[in-house]
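What follows is a single structure, written as structure tokens, with notes after it.
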């Protein structure tokens with residue numbers, strides 16, 4: 001007696017997901033670092049004399065400061081996920 005058995009192999013695919021744990025940020029520490037940042041120390045006087053060119057520089061500094069704080073308080077994490085296809 002001869003029989004044919006067919007095996008099906010499952011293929012696994014992997015995917016790397018990058019994320020930040022924003023919910024675990026210590027807000028008091030973040031607030032303290034933001035208030036002590038160079039951006040917050042320098043900008044209080046300059047806001048009263050803001051020109052269009054100054055607004056561009058202000059926004060660049062604002063974005064840079066916030067990006068650096070997020071990188072420090074919620075660094076990027078990588079997780080490799082496997083899925084059966």
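The values are calculated or read from the model by the stated rules, or taken from the named source; none is laboratory data. As the structure is a computational prediction, the values presented were derived from the model and not from experiment. Cβ sites come from the backbone with ideal geometry, for glycine too, and all protein chains shown count toward neighbours.
Annotations
Each row is one residue, and each column tells you yes or no for (1) at pLDDT 95 or above; (2) in contact with a helix residue (DSSP H, G or I) (Cβ under 9 Å, 6 or more places away or on another chain); (3) at positive phi.
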residue	(1), (2), (3)
26	yes, yes, no
54	no, yes, no
71	yes, no, no
81	no, no, no
85	no, no, no
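- Within the range 9-23, at least one residue is modelled with pLDDT under 90, touching a strand residue (DSSP E or B) at 6+ places or on another chain (Cβ under 6 Å), assigned to a loop (DSSP other than H, G, I, E, B) and within 30 Å of residue 85 (Cα to Cα).
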